[in-house]
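Q: The structure follows.
What follows is calculated from the coordinates using simple rules that are stated; it is not laboratory data. Here the structure is a predicted model, which is why all the values come from computation and not from measurement. Backbone-built Cβ (ideal geometry, glycine too); neighbour counts: all protein chains shown.
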Amino acid sequence: MNNHLRGLFITAVMVLVMIFTLTGNGLTAEMIKLGVAGAHSGDLASYGIPSVKAAKLVVEDINAKGGILGKKVEILAEDDVCKPEVATNTATKLLSQGVNVVMGHICSGATKAALGIYKDSKIICMSPSATNPALTQSGDYPNFYRTIASDDAQARLEVDFAINVLKFKKIAVLHDKGDYGKGLAEYAKAFIEKNDKAEVVLYEGVTPGAVDYSAVVQKIKRSDADAVIFGGYHPEASKIVMQMRKKKMKTIFISDDGVKDDTFIKVAQKYAEGVYATGPKDTSKNPLAIAANEAHKKEFGAEPGAFFLNAYAATQALLNAIEKAGSTEYEAVSKALRTEYVETPLGKIRFDDRGDAIGVGFSIYQVQNGVYVELK
Amino acid sequence: MEYFLELFLGGLTRGSIYALIALGYTMVYGIIELINFAHGEIYMIGAFTALIVASVLTLFGLNQIAILVLASITAVIYSAAYGFTVEKIAYKPLRHAQRLSPLISAIGMSIFLQNYVLLAQTSDFLPFPSLIPDFEFWEAYSHIIGSAELVILITTTIVMILLTFLIKFTKIGKAMRATAQDRNMAMLVGVNVNQVISMTFIIGSALAAVGGVLIASHIGMINFYIGFIAGIKAFTAAVLGGIGSIPGAVLGSLVLGLTESFATGYVSSDYEDVFAFALLVLILIFRPAGILGRSTTQKV
């Protein structure tokens with residue numbers, strides 16, 4: 001009797017479960033599921049939370065206009081605490097919930113760990129903040145896109161500018177031995193070496209905070225370089241530039257966004273004139289960026305956090321591609337991402353074959369009459 | 001050859017700046033056996049004072065040389081006052097304490113002065129006007145050594161000569177040497193030891209201020225942290241030359257400056273500090289008291 005009842009009970013539960021899951025599927029088929037993954041708690045939460053807010057704002061906006069392809073968009077936010085070992089679970093959980101596309105993850109390491117899982121399930125993943133160059137350049141992850149320039153983008157731009165625009169043949173590459181400066185300098189050196197139009201005549205690290213740099217400056221002079229590409233921050237950059245100019249050297253100085261700082265001009269004064277530096281593209285005058293920031297202030301009562309605009313653009317790009325593709329199917333959405341331009345707060349963007357956004361990233365600035373001017 | 005000369009003169013300039021600071025370390029050590037870690041901060045305060053004075057005087061439209069001289073004099077007086085006060089506050093009450101106590105007090109003073117300037121001024125780098133003009137007659141050689149570097153070399157040489165004269169031939173110099181040899185004995189024969197110690201701090205601080213003004217106007221920028229790095233290097237130079245010995249401090253500074261310059265010029269600036277400190281280790285292995293240091297038995 002007991003056994004019989006238990007059997008019946010189990011069958012009933014199973015039937016119920018099946019009914020619910022079936023109806024569940026039936027209901028959610030009408031929704032487009034946007035996964036938002038990243039650090040939503042822990043010490044790096046300040047990088048991840050703004051992306052959730054950005055996604056919410058975009059989705060509210062789109063749902064208010066009737067959704068995409070007649071369907072409402074639903075956000076599934078999952079935390080990965082920026083840890084690779086957690087990110088694989090996050091990805092699996094999102095997949096089990098049936099996401100169509102994922103906006104995230106935030107940190108490069110976590111993104112890389114999750115990407116393999118998305119790739120096997122043919123899910124597109126777009127990060128607003130993962131800058132590790134290999135994510136796109138290795139070609140391992142055709143399902144990966146990003147709306148931020150990779151770490152080597154500045155170095156690539158600097159080298160390209162020096163060789164192709166300024167037509168320089170001899171380039172000295174210096175850095176301040178720090179993670180940021182040395183990383184950039186290494187990329188710059190590699191790009192110049194790959195290019196047969198120019199050569200690296202000097203590659204050195206300087207000691208930050210040293211009393212003076214006269215020996216290094218003499219060395220630059222002796223190397224007969226046309227230009228110096230410097231990876232590092234403004235205090236060292238201004239010392240080097242000033243000592244070069246005082247030695248009557250006209251060597252062009254090209255640097256990075258660590259130098260694209262007004263303090264550099266304030267300190268180096270007249271010697272700063274003519275210095276080139278790369279910096280993030282100016283989006284402050286973009287009406288969509290202004291609108292997005294305003295919407296954030298209205299909804300959350302605060303200034304947006306890190307990568308907010310990148311996440312805003314990523315959400316827009318993903319949803320736009322689904323709309324243009326007419327489905328959430330992997331091949332069609334990928335094609336739409338690569339071919340269809342979309343207006344975002346970062347400007348008008350689409351993606352190249354590797355998944356990097358075209359139209360996002362850095363510009364060259366030059367000090368002209370005491371201010372940095374963006375060169376078009 | 002020209003390259004060698006450029007590196008040589010560059011190293012000499014850097015060494016001269018180290019020497020101006022190292023002298024303060026070595027004089028204080030010679031007399032009260034204290035490593036005055038706040039000394040680098042006095043150099044920084046000298047540079048800041050000069051910047052403030054120079055900015056104000058520029059408003060009055062004085063000419064450059066007048067500004068340089070007035071700013072330097074103010075910086076020297078102000079820094080000397082700081083050196084005097086630091087000694088009275090942080091070291092004098094600890095004169096008869098264990099040797100470790102004044103050392104900790106010195107480190108505390110260094111941190112205090114750094115943060116005081118950080119709060120009172122700013123944490124940013126500030127532009128420092130090139131107070132040293134580009135001399136026209138020197139224009140032809142300015143690619144080898146600039147006017148500013150030339151002024152640094154000449155000023156340092158003059159200061160060294162004056163200091164030597166002071167110590168060798170004046171009464172206070174004699175009192176300083178006596179105190180350095182044996183403080184108690186000097187006291188017994190009527191030397192006012194407290195006054196001598198104060199004077200040592202004042203002279204050391206004044207020298208550091210001269211260094212601060214010269215290097216700041218040469219490299220064109222200062223912040224609250226410059227004293228720390230310069231201080232560490234100058235201290236190294238003083239140890240290299242034999243701490244407590246005045247010619248040793250000068251020699252050690254020049255050796256350190258030249259080593260750094262040549263290491264950068266002929267090897268790589270990546271290894272600038274490696275060479276400097278490898279040299280220090282080598283010299284201390286063969287001459288534990290430094291190049292010109294006298295190895296005395298420790299008084300217990």
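Q: Provide A:S108, B:S253 in ascending order of the number of other Cβ atoms located within 10 Å of each residue's Cβ, fewest first.
A: Values: A:S108 21, B:S253 30.
With the fewest neighbours first, A:S108, B:S253 line up as A:S108, B:S253.
Q: Could I ask something else about it? Which of A:S327, A:S138, A:S150 ends up with the largest GNM mean-square fluctuation for chain A, with Cα atoms connected below 10 Å?
A: It is A:S138.
Q: Once Rh for the stretch B:6-286 is found with the Kirkwood sum over Cα pairs, what is the Stokes-Einstein diffusion coefficient at 20 °C and 1.002 mPa s, in µm²/s? Mind showing how you got there, number by number?
A: Details: Rh = 19.2 Å.
Translational diffusion coefficient: 112 µm²/s.
Q: Next question, about the same structure. List, in order, the whole-Hz ³J(HN,Hα) value for each residue of the stretch A:340-353 obtained from phi through the Karplus relation with A = 6.51, B = -1.76, C = 1.60 and θ = phi - 60°; use x for Gly and Pro.
A: For the stretch A:340-353, the Karplus-derived couplings read 8, 6, 9, 7, 10, x, 8, x, 8, 10, 9, 10, 7, 4 Hz, x marking Gly and Pro.
Q: Which GluC sites (Glu not before Pro) from the stretch B:117-155 combine a DSSP loop assignment with at most 15 other Cβ atoms within 10 Å? Walk me through the numbers on the way to the answer.
A: Numbers: sites: B:E136, B:E139, B:E149; in loops: B:E136.
Filter output for the stretch B:117-155: B:E136.
Q: Output the relative contact order of chain B, whole-number percent, from Cα pairs under 8 angstrom with separation of 6+ residues. Mind showing how you got there, number by number?
A: Working: 462 pairs, mean separation 108.3, N = 300.
About 36 percent, as a whole number.
Q: Output wanted: per-residue J couplings in Hz (rounded whole) for the stretch B:81-87, from phi through Karplus 6.51 cos²θ - 1.76 cosθ + 1.60, θ = phi - 60°, x for Gly and Pro.
A: Along the stretch B:81-87, the couplings run 5, 4, x, 4, 5, 4, 5 Hz.
Q: Among the lysines, select those whose C-alpha is under 23 Å from the C-alpha of A:K260, and discard any that sit fewer than 8 residues away in the same chain.
A: A:K167, A:K177, A:K182, A:K189, A:K239, A:K246, A:K250, A:K270, A:K281, A:K285, A:K376
Q: Can I ask one more? How many percent of the alpha carbon pairs in the stretch A:153-274 exceed a separation of 26 Å?
A: Summing the P(r) of the stretch A:153-274 above 26 Å gives 9 percent of all pairs.
Q: So if R0 is 35 Å, what FRET efficiency would B:L103 and B:E139 give, r being the distance between their Cβ atoms, rounded to the nearest 0.05? Present the calculation step by step, with values, prior to reporting the outcome.
A: Values: r = 49 Å, r/R0 = 1.39.
Plugging the Cβ-Cβ distance into 1/(1 + (r/R0)^6) gives 0.10.
Q: Another question, if that's okay. First check a/c for the stretch A:94-208, with a ≥ b ≥ c the square roots of the eigenvalues of its C-alpha gyration tensor; if it is under 1.5, answer rounded, and if not, answer prolate when a/b is larger than b/c or oblate otherwise.
A: prolate
Q: List every residue whose amide H lies under 5 Å from the amide H of A:H175, counting only residues 5 or more places away in sequence or on a different chain, with H placed 1.01 Å from N in the peptide plane.
A: Sorted by chain and number, the residues that satisfy this are A:E204, A:G205, A:V206, A:G231.
Q: What GluC sites (Glu not before Pro) does the stretch A:253-353 have in DSSP loop regions with at most 16 other beta carbons within 10 Å? Intermediate values should be presented prior to the final figure.
A: Details: sites: A:E273, A:E294, A:E299, A:E323, A:E329, A:E331, A:E340, A:E343; in loops: A:E273, A:E329, A:E340.
Here the GluC sites (Glu not before Pro) that fit, given the DSSP loop and packing criteria, are A:E273, A:E329, A:E340.
Q: Which Cys in the protein assembly as shown stand alone, with every other cysteine's Cβ at 4.7 Å or more from theirs?
A: A:C125
Q: Same structure again: For A:K119, list the aspartates and glutamates whose Cα falls under 13 Å from its own Cα; do not include residues on the same chain fewer than 8 positions away.
A: Cross-link targets: A:D140, A:E331.
Q: Among the lysines, which have Cα under 24 Å from the Cα of B:K92 when same-chain residues fewer than 8 positions away are ignored?
A: Hits, sequence-local ones excluded: B:K171, B:K174, B:K299.
Q: Let me ask something additional. Based on the alpha-carbon gyration tensor of the stretch B:191-300 and its eigenvalue square roots a ≥ b ≥ c, which shape applies: rounded if a/c is under 1.5, prolate if not and a/b is larger than b/c, or oblate? Don't skip to the end; give the middle numbers.
A: On the way: a/c = 2.62, a/b = 1.16, b/c = 2.27.
It comes out oblate by the Cα gyration axes.
Q: Follow-up question, since we're still on this one. Around B:F165, with a cut-off of 13 angstrom between Cβ atoms, what is the net charge of the other residues, counting Lys and Arg +1 and Asp and Glu -1? Write out the running numbers ahead of the final one.
A: Working: positive: B:K168, B:K171, B:K174; negative: none.
Result for the neighbourhood of B:F165: +3.
Q: Find the relative contact order for chain A and round it to a whole percent, using C-alpha pairs within less than 8 Å whose residues are 6+ positions apart. Please report the intermediate quantities before stating the final value.
A: Details: 729 pairs, mean separation 60.8, N = 376.
Averaging sequence separation for qualifying contacts and normalising by length gives 16 percent for chain A.
Q: Grab the other residues whose beta carbon is less than 15 angstrom from that of A:C82, score K and R as +1, D and E as -1, and report the net. It would help to have the intermediate numbers written out before the result.
A: Numbers: positive: A:K83, A:K112; negative: A:D43, A:E78, A:D79, A:D80, A:E85.
Local charge sum for A:C82: -3.
Q: Does the protein assembly as shown classify as rounded, prolate or oblate by the C-alpha gyration tensor (a ≥ b ≥ c root eigenvalues; a/c under 1.5 gives rounded; else a/b over b/c gives prolate, otherwise oblate)? Spell out each step's value before the answer.
A: Working: a/c = 2.82, a/b = 2.08, b/c = 1.36.
Note, shape of the protein assembly as shown comes out prolate.
Q: List, in order, the whole-Hz ³J(HN,Hα) value for each residue of the stretch A:281-294 obtained from phi through the Karplus relation with A = 6.51, B = -1.76, C = 1.60 and θ = phi - 60°; use x for Gly and Pro.
A: 4, 6, 10, 5, 9, 6, x, 5, 5, 5, 5, 5, 5, 4
Q: Given the stretch A:333-376, report the % of alpha carbon pairs whose separation exceeds 17 Å.
A: Value for the stretch A:333-376: 47 percent of Cα pairs lie more than 17 Å apart.
Q: So what is the relative contact order for the stretch A:153-274, in percent, with contacts set as C-alpha pairs under 8 Å and at least six apart?
A: Reported relative contact order: 28 percent.
Q: Once amide H atoms are placed 1.01 Å from N in the peptide plane, what residues at a sequence separation of 5 or more from B:L34, or on another chain, have their amide H within under 5 Å of its amide H?
A: Hits under the 5 Å cutoff: B:Y29.
Q: Next question. Between the helical axis of A:45-64 and the dominant principal axis of chain A, each derived from Cα atoms, what acute angle in degrees is found, rounded to the nearest 10?
A: Taking Cα atoms only, the helix is inclined about 60 degrees.
Q: Okay, moving on. At 7 Å along the Cα-to-beta-carbon direction for both A:K335 and A:E193, put a label point, then send me their distance in nm to one decimal.
A: 4.1 nm
Q: If you keep only loop residues by DSSP, which chymotrypsin sites (Phe, Trp or Tyr not before Pro) in the stretch A:308-349 have at most 12 other Cβ atoms within 10 Å of their Cβ?
A: On the way: sites: A:F308, A:Y312, A:Y330, A:Y341; in loops: A:Y341.
For chymotrypsin sites (Phe, Trp or Tyr not before Pro) across the stretch A:308-349 that sit outside H, G, I, E and B with at most 12 neighbouring Cβ atoms in 10 Å, the list is empty.
Q: So which residue, out of B:S147, B:S269, B:S72, gets the largest mean-square fluctuation from a GNM of chain B using Cα contacts under 10 Å as springs?
A: In this elastic network of chain B, the residue with the biggest mean-square fluctuation among B:S147, B:S269, B:S72 is B:S269.
Q: Treating the angle as unsigned and between 0 and 90°, give the value, to the nearest 10°, between the Cα long axis of helix A:308-325 and the longest Cα principal axis of chain A.
A: The two axes meet at around 60 degrees.
Q: Once the Cα atoms of helix A:234-246 and of chain A are each reduced to a long axis, what angle between those two axes, in degrees from 0 to 90 to the nearest 10, is obtained?
A: 20 degrees
Q: Between B:I202, B:I21, B:I158, which gets the highest mean-square fluctuation from a Gaussian network model of chain B, Cα cutoff 10 Å?
A: B:I158
Q: Ignoring trypsin sites (Lys or Arg not before Pro) that are buried or in helix or strand per DSSP, and keeping those with at most 12 other beta carbon atoms within 10 Å, what is the longest stretch of chain B between them? Display every interim value, and only then the final one.
A: Values: sites that count: B:R99, B:R294, B:K299.
Free of exposed loop sites, the longest segment is B:100-293.
Q: Can you work out the FRET efficiency for the pair A:E343 and A:K250, with r the C-beta to C-beta distance and R0 = 51 Å, to the nearest 0.05?
A: Working: r = 43 Å, r/R0 = 0.84.
After rounding, the FRET efficiency stands at 0.75.
Q: Near A:V206, within a Cβ-to-Cβ distance under 12 Å, what is the net charge of the other residues, with Lys and Arg +1 and Asp and Glu -1?
A: Numbers: positive: A:K177, A:K182, A:K219, A:K239; negative: A:D176, A:E204, A:D212, A:E236, B:E260, B:D270, B:E272, B:D273.
Taking every Cβ under 12 Å from that of A:V206, the sum is -4.
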